[in-house]
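*Asks:* One structure is given below, represented as structure tokens, and several questions about it will come after.
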Amino acid sequence: MRRPLIAGNWKMNKTVSESVEFARNFVDAVSDVADRDILICPPFTSLQVLGQIFDGTNVKLGAQNMHFEEKGAFTGEISPLMLKDVGCTFVILGHSERRHIFGENNDFINKKVLSAVSHGLIPILCVGELLEEREAGRTFEVVGTQLEEGLKGLSKEADFVVAYEPVWAIGTGKTATPELAEEVHRFLREKLAELFGKEKAESVRILYGGSVKPENVEGLMAMENIDGALVGGASLKVESFVKIVNFGR
Ligand code: PEP
């Protein structure tokens, strides 16, 4: 019932020419995939040209961050209008690197989520616990608060995606086991049902992120409440990302 979404987060990787080379090969390699959504979130500098390459294909374009204002004196920031203008339909918000390296908090992320939705962009709200929070038995409390505060004020008609990304599994090669991830995904769906009602909760896609690779994607995607993947490192090579996109086929 929930259409899978496989999203690549390139982080601060690839020049424009490297992005173009990837995109041309990738579009050809996945052109026959019709039963799932495919998304690439490159650095800002590559958005426009990838928007042109992906136009009319089955690959969607997303950004890795944005400011909540439309324009103004916000040096170094990018606005929702600018993202829409180059063809973005999704935007990753609250990624753990934004939270922990750049100090973004739930309140700031919530403003971006509301702004994204009001501009017709689909936010991918990332939540996830640090290793010490997991070891202290605080996983549900942390991700529950991030979810509730990140989505505060959102109408249940809004189109949004949630990504569970345990911080200890991002870029470390340590993937959560499918069972461990599923436990948190189930909790997040229950929380969504409290916030927006059961019907809406059943329709929201909850992605898993954290060292997803061709070797572990099948086990993760077999879980009832895992509806896709947010992929960092393994989305940088056409071969590995195509394999992930093609899970189950
Ligand atoms: C990410 O960037 O969101 C991520 C999950 O990275 P990686 O797949 O490299 O762990």
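The values are calculated or read from the model by the stated rules, or taken from the named source; none is laboratory data. Computed from a predicted structure; not experimentally measured. Quick reminder, even Gly has a Cβ in these numbers, built from the backbone with ideal geometry, and neighbours come from all protein chains shown. For the accessible areas, the whole protein counts, side chains as well, though only heavy atoms, and no ligand, DNA or RNA atoms are used. Shrake-Rupley method; radii C 1.70, N 1.55, O 1.52, S 1.80 Å.
*Asks:* Among the numbered criteria (1) surrounded by 21 or more Cβ atoms within 10 Å (Cβ to Cβ); (2) assigned to a helix (DSSP H, G or I), which single criterion is violated by Leu81?
*Replies:* Only one criterion in (1) surrounded by 21 or more Cβ atoms within 10 Å (Cβ to Cβ); (2) assigned to a helix (DSSP H, G or I) is unmet by Leu81, namely (1).
*Asks:* Assuming Glu97 fulfils every condition listed in (1) open to solvent by 80 Å² or more (accessible area, probe 1.4 Å); (2) in a helix (DSSP H, G or I) apart from one, which condition is it?
*Replies:* Condition (1) is where Glu97 drops out.
*Asks:* Determine whether Asn25 is open to solvent by 10 Å² or more (accessible area, probe 1.4 Å), of a type in the set (S, T, N, Q) and closer than 29 Å to Glu239 by Cβ.
*Replies:* yes
To keep it simple, each residue is scored yes or no on (1) open to solvent by 20 Å² or more (accessible area, probe 1.4 Å); (2) in contact with a Lys or Arg (Cβ under 8 Å, 6 or more places away or on another chain); (3) outside any loop (DSSP other than H, G, I, E, B); (4) at pLDDT below 95.
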site: Lys11; (1), (2), (3), (4): yes, no, no, no
site: Ser17; (1), (2), (3), (4): yes, no, yes, no
site: Ile38; (1), (2), (3), (4): no, yes, yes, no
site: Ser46; (1), (2), (3), (4): no, yes, yes, no
site: Gly72; (1), (2), (3), (4): yes, no, no, no
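*Asks:* Give region 48-57 a look and list any residue that's at positive phi and either surrounded by 15 or more Cβ atoms within 10 Å (Cβ to Cβ) or part of a helix (DSSP H, G or I) (or both), or say none.
*Replies:* Passing the criteria: none in range.
*Asks:* On the given criteria, is Lys200 more than 10 Å from the ligand (Cβ to nearest atom), surrounded by fewer than 17 Cβ atoms within 10 Å (Cβ to Cβ) and among the charged types (D, E, K, R)?
*Replies:* yes
*Asks:* Also: Restricting region 213-249 to residues that are open to solvent by less than 20 Å² (accessible area, probe 1.4 Å) and polar (S, T, N, Q), which is nearest to the ligand (Cβ to nearest atom)?
*Replies:* Ser235
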